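Asker: This is the structure I want to talk about, given as structure tokens.
Please treat every number below as a calculation from the coordinates, not as lab data. As the structure is a computational prediction, the values presented were derived from the model and not from experiment. Don't worry about glycine lacking a Cβ; one is built from the backbone with ideal geometry, like all the others, and counts go over all protein chains shown.
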Amino acid sequence: MELIETLKLRRSYYALDDKINVNNEEIIKTIEEVTELVPDAFDMKSQKVVVALGDKHKELWDAIYDAFDGKVAREKIDMFKAGAGTVLFFTDKKIVDTLANQFSDYAQNFGPWSLQSNGMLQINIWTALRELGLGANLQHYNPVIDEKVKELFGIDDNEVLLAQMVFGNILEEPEAKEKEDISNRVRVFQ
Ligand SMILES: Cc1cc2nc3c(=O)[nH]c(=O)nc-3n(C[C@H](O)[C@H](O)[C@H](O)COP(=O)(O)O)c2cc1C
């Protein structure tokens, strides 16, 4: 499939369930390959993910509900829990700080670069999941959930949670977007 065609298919899908027609091995392999292929500044490999599937995914969303102590509606959490899995995105602060110390002229750039690389990883995994026929949405319950997530998956304190991507079988297509006048954002000079 052409890149632009696949990008057009990637949307925020909220109506999901766990009756997916893709096996876990294929999902895992796709996420592994994308993670290996996405670039990072100085090739520092500061981007990390946790893939929570099946019961672990359900357990995660129950833990997220508990972390908010009832402040997030059960129905909203259940909407995410209904999916088949969650990709948790982290940046490894220890790796970023080590490189920043090594290349002091660019020290202040390493934090932003790390976030940029994480964003690259997010969009590529989001799009690759869609290519597998799965819908996904992007959530940010961090930092409230950080401790629970670290406990649940044995994550090192050096890793900072940046985003949670829920995926699953698509039950409903989102509304079509209005066509944008892209010349407001893409300025061409030739
Ligand atoms: C950096 C970033 C943060 C986002 N955070 C959230 C979020 O916390 N919750 C949510 O439901 N959607 C979130 N989204 C999804 C956007 O709202 C969505 O991508 C945008 O409205 C365009 O819709 P589309 O994904 O269907 O193309 C986020 C997207 C990006 C790129």
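Asker: So what are the ³J(HN,Hα) numbers for the stretch 16-32, from phi and the Karplus equation (6.51, -1.76, 1.60; θ = phi - 60°), rounded to whole Hz, Gly and Pro as x?
Answerer: Going residue by residue, I get 10, 9, 9, 8, 8, 9, 10, 7, 4, 4, 5, 5, 4, 4, 4, 5, 4 Hz, with x marking Gly and Pro.
Asker: Would any residue of the stretch 50-80 have its amide N under 16 Å from a label point 7 Å out along Cα→Cβ of Glu147? List them or say none.
Answerer: Residues passing the 16 Å test: 63-71.
Asker: Quick one: if the Förster radius is 41 Å, what FRET efficiency do Leu132 and Asp156 give, using the C-beta to C-beta distance and rounding to 0.05?
Answerer: Efficiency for this residue pair is about 0.90.
Asker: Place the peptides 109-118, 157-166 in order of packing, highest mean first, counting for every residue the other Cβ atoms within 10 Å and averaging per peptide.
Answerer: 157-166, 109-118
Asker: Give the cross-link partners of Lys58 among the lysines, using a straight C-alpha distance below 22 Å as the criterion and excluding same-chain residues fewer than 8 apart.
Answerer: Correct list for Lys58: Lys19, Lys29, Lys48, Lys71, Lys76, Lys81, Lys148, Lys150.
Asker: List the pair-distance distribution P(r) of the chain, using every Cα-Cα distance, as the percent of pairs falling in each 10 Å bin from 0 up to the bin containing the longest distance, rounded to whole percents.
Answerer: 8, 32, 34, 20, 5, 0
Asker: Could you check the spin-label model distance between Glu36 and Lys71? Points 7 Å from the Cα along Cα→Cβ, value in nm.
Answerer: 4.1 nm
Asker: Moving on. Per-residue counts of other Cβ atoms within 10 Å, averaged by peptide: what ranking do you get for 61-68, 82-89, highest first?
Answerer: Ranked by mean Cβ neighbours within 10 Å, highest first: 82-89, 61-68.
Asker: Sort the following peptides by mean Cβ neighbour count (other Cβ atoms within 10 Å, averaged over residues), highest first: 45-58, 168-181.
Answerer: For the peptides 45-58, 168-181, the packing ranking is 45-58, 168-181.
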